[in-house]
Amino acid sequence: GRGSSRAMILPCLLILATIGLVLAIAVGVALGPPHVETLVSLGSVSTDWAKIYVQAPASADGKCAEKVRVVFRPAGDLQSPWGTSGVLALKGGSKFGMLTCNVVVKLSQLKPATNYEYLATLTNNDSPLSGLFTTFPAPGSPSKFTMAISSCLGFFPLLPVWPLRYLLPTEVTFLIGDAIYADVPWSLGQPYEHLYLRLVQDKSFKALTAKSALFTMYDDHE
């Protein structure tokens, strides 16, 4: 009767949820770990400083032997001397259960409202990685700039992080949560680091962080 039909609903839902979970994890296992790229991307920026994220793969034995030096100067000013971050070691690797080695480099003593270029040279990479950024204007100075606010990016196999293509071009981007979905089944059983790797190595995300200052926060799915 009607009572027995209702009694069957919950077991059926549990079976469907279990099947969905198993399939999601199977897809994650089939994907395997992402390939780790060597890259730089722009982080947060202020009037007189900027942060650059540097990433490289751990060595075959899981160690982080890489060091990086970032030099910078006003863009196009060939007469201006290069400022330098000094030499910094990348950290991570198998010691922390990670595929990557990374470091955030802070560039200081910058001028407000100025376009800068930078070169990041790693010890095991002959070709410097380059980028551009613009510092914020001094407080009280009139200015115009473009900005974007985004959240709930997620990751789906073989698909780009589609919302990001709508943010280009922009000078400042706020990611206000759920940059990844670390909860099952949306995570597809992927480790936390793998999800972030698929984000920062996404073609659209790399195009965004090549020039746009990035400010982020966590939300429940992370």
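The values are calculated or read from the model by the stated rules, or taken from the named source; none is laboratory data. Remember, predicted model here, so these are calculated numbers, not experimental data. Using ideal geometry, Cβ is built from the backbone for each residue, glycine included, and neighbour counts are taken over all protein chains shown.
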- Item | Within segment 103-133, tally of residues that are outside any strand (DSSP E or B), in contact with a strand residue (DSSP E or B) (Cβ under 9 Å, 6 or more places away or on another chain) and within 14 Å of Asp48 (Cα to Cα) | 6
- Message: Looking at segment 156-167, can you tell me whether even one residue there is modelled with pLDDT of 85 or more, among the hydrophobic types (A, V, I, L, M, F, W, C), under 22 Å from Lys51 (Cα atoms) and crowded, with 16+ Cβ neighbours inside 10 Å?
- Response: no
- Note on the structure: Contact list, first residue from segment 191-213 and assigned to a strand (DSSP E or B), second anywhere and surrounded by 16 or more Cβ atoms within 10 Å (Cβ to Cβ) and of a type outside the set (Ser, Thr, Tyr), beta-carbon distance below 7 Å, six or more apart or interchain, is Ala213/Leu42; Ala213/Val45; Ala213/Phe133; Ala213/Glu171; Ala213/Val172
- Query: Quick one: in segment 20-45, which of the residues that are touching a strand residue (DSSP E or B) at 6+ places or on another chain (Cβ under 9 Å) and small (Gly, Ala, Ser) is farthest from Val103 (Cα to Cα)?
  - Reply: Ser44
- Taking Ser85 as the residue in question, decide whether it is of a type in the set (Ser, Thr, Tyr) and within 24 Å of Tyr196 (Cα to Cα). no
- Task: Please determine, by comparing only the residues of segment 66-106 that are aromatic (Phe, Trp, Tyr) and closer than 19 Å to Pro128 by Cβ, which one is surrounded by the most Cβ atoms within 10 Å (Cβ to Cβ).
- Result: Phe72
- Query: Among all residue pairs at least 6 apart or on different chains, which show Cβ distances below 8 Å where the first residue, located in segment 80-102, is touching a residue at least 60 places away in the same chain (Cβ under 8 Å) and part of a loop (DSSP other than H, G, I, E, B) and the second is among the β-branched types (Val, Ile, Thr) and crowded, with 16+ Cβ neighbours inside 10 Å?
  - Reply: Leu99/Val36
- Item | From Pro142, Pro112, residue being out of contact with any His (no Cβ under 9 Å at 6 or more places or on another chain), free of Cβ contacts under 8 Å to residues at least 40 places away in the same chain and surrounded by fewer than 18 Cβ atoms within 10 Å (Cβ to Cβ) | Pro142
